[in-house]
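These notes are about the structure you will find just below.
Since every read-out is calculated from the coordinates, none of them should be taken as a lab result. Just so it is clear, the structure is predicted and the values come from calculations on it, not from any experiment. All Cβ positions, glycine included, derive from the backbone under ideal geometry; neighbour counts span all protein chains shown.
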């Protein structure tokens, strides 16, 4: 469901994480219509994937730097 | 009082000599400081001839003094001794020679020496030559290290060996100079200035092993101090051992206690630097890894929240809510209906109770006139009037024959 985002409009990690926290807060607070809840949930999934992408990317770069170091 | 002379009326020698003598006398008695270069004391002559040399410059001046004064000196005057004279310049017209006639000769003793050194320090300090803000930082990794020291001296070896042990690739530019004796100060100045001009040299070390106060005197020499003050390259003074502190220490950018210490100051320990570098890199990586782990944990926590992880809970929650509402609705409805039913039943019973049917069934009948009004009193009913009688199961139409009032019945109300 997470559509492939181009690099520019992909929110920064902090922005995505911030919005994700907000989505979860609203979902748990309740009081949203069913339609809204579904929309919120879907948005939550997309944001979570984005955050994971950022973290995986950072992890990969760190591991690459460490491997690069071990070889030299 | 310049003399008026010209080609046509030249002045005689005696007149010129006397004029010079007059000018020379105008200097008057002075205290002068210098180093005794030669002493010639011939038996039978009651004046002793000396040559007094300037401590730094290559300038000297003949000095004469009486033999009694010379002999009375204790400790005796020897060549190379530093002295202070109270003397008056005198121009000996006969042979046109100028010399200082010394009336008083003071040996520059150790206490005296130190006192004079202290005065010189205060003088130079007052001029701001030792000001802290003038101190220049040493370069971390100097291209070339300039070294002023005595040829193949212990100091030279200490500096070179220690520096190379810390950083094998260090480049040295050594300028040899006398580190003792009258020529020392000027040679050191010349060496320092040469290294200062040298483009590659980024730091200069002046290194000398231990020695007596006199030995180290050249390193408190005013000219040297001023020269060091002027140069641009940072300078490290490494003279003598820990306690020794010639004025050079004060004007230098950094004071090293010994030549070995100087080597440590000018050259980093490359091995140590590499270890520091590696540790810094590891810590950077650790910090980043730590940060990543924390953020990952945060994200995992967020994702595991029921609202995200299991949307069904969202739907279930609503379905339960709906079911709940529906059940409650039903229950309410049920109650309402029951109540309604009861109510109807109750009303029905009451209606039935109030309805005359039962009464009719018990044999009573309701009389109504033609318009259907219930007749409750004989009054107003005439004979031969059409009436209808409602009995339990139907109605009987009839015509009245006559009416008969009964006593005591008419005043109480009948409910109906």
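Normalised size of the protein assembly as shown, defined as Cα radius of gyration per 2.2 N^0.38 Å with N residues, equals 2.73. Dividing the C-alpha radius of gyration of the stretch B:309-353 by 2.2 N^0.38 Å, with N its residue count, gives 2.04. Per the Kirkwood formula applied to alpha carbons, the stretch B:4-153 shows a radius of gyration over Rh ratio, Rg over Rh, of 1.15. Helix-only arithmetic for chain B: the sum of -39500 (n - 2.57) across DSSP H runs with n ≥ 4, divided by the residue total, places the mean residue ellipticity at 222 nm at -13500 deg cm²/dmol. With Cα atoms as the point set, the radius of gyration and Dmax of the stretch B:356-416 evaluate to 12.1, 31 Å.
Structural size metrics of the stretch B:72-122, computed from C-alpha coordinates, are Rg and Dmax of 14.5, 45 Å.
The alpha-carbon positions of the stretch B:115-268 define a convex hull whose volume is 94 Å³ per residue.
By DSSP, the beta bridges lying fully in chain B are antiparallel in about 65 percent of cases. When each of B:386, A:10 is scored by the number of other beta-carbon atoms lying within 10 Å, the sequence from fewest to most is B:386, A:10.
Volume of the convex hull of chain B (Cα atoms only), normalised per residue: 524 Å³. Beta bridges from DSSP with both residues in the protein assembly as shown: antiparallel share about 65 percent, rounded to the nearest 5. Springs join every pair of Cα atoms under 10 Å in this Gaussian network model of chain B, and among B:259, B:306, B:137 the largest mean-square fluctuation is at B:306.
Among B:6-13, B:204-211, B:38-45, A:51-58, sorting by the average number of other beta carbon atoms lying within 10 angstrom of each residue, highest first, gives B:204-211, A:51-58, B:38-45, B:6-13. Among B:305, B:362, B:226, the largest mean-square fluctuation in a Gaussian network model of chain B (Cα springs under 10 Å) belongs to B:362.
Ordered by the count of other Cβ atoms within 10 Å of each Cβ, fewest first, B:189, B:239 give B:189, B:239. A P(r) calculated from all alpha carbon pairs of chain A, with 5 Å bins opening at zero, reads 3, 15, 20, 18, 14, 10, 8, 5, 3, 2, 1, 0 percent.
Contact order for chain B, expressed relative to its length and based on alpha carbon pairs under 8 Å spaced 6+ residues apart, stands at 9 percent.
Inter-chain Cβ neighbour count for B:299-306, averaged per residue, equals 5 (cutoff 10 Å, partner chain atoms only). Direction-averaged projected area, Cα convex hull, the stretch B:278-330: 3.7 nm², rounded to one decimal.
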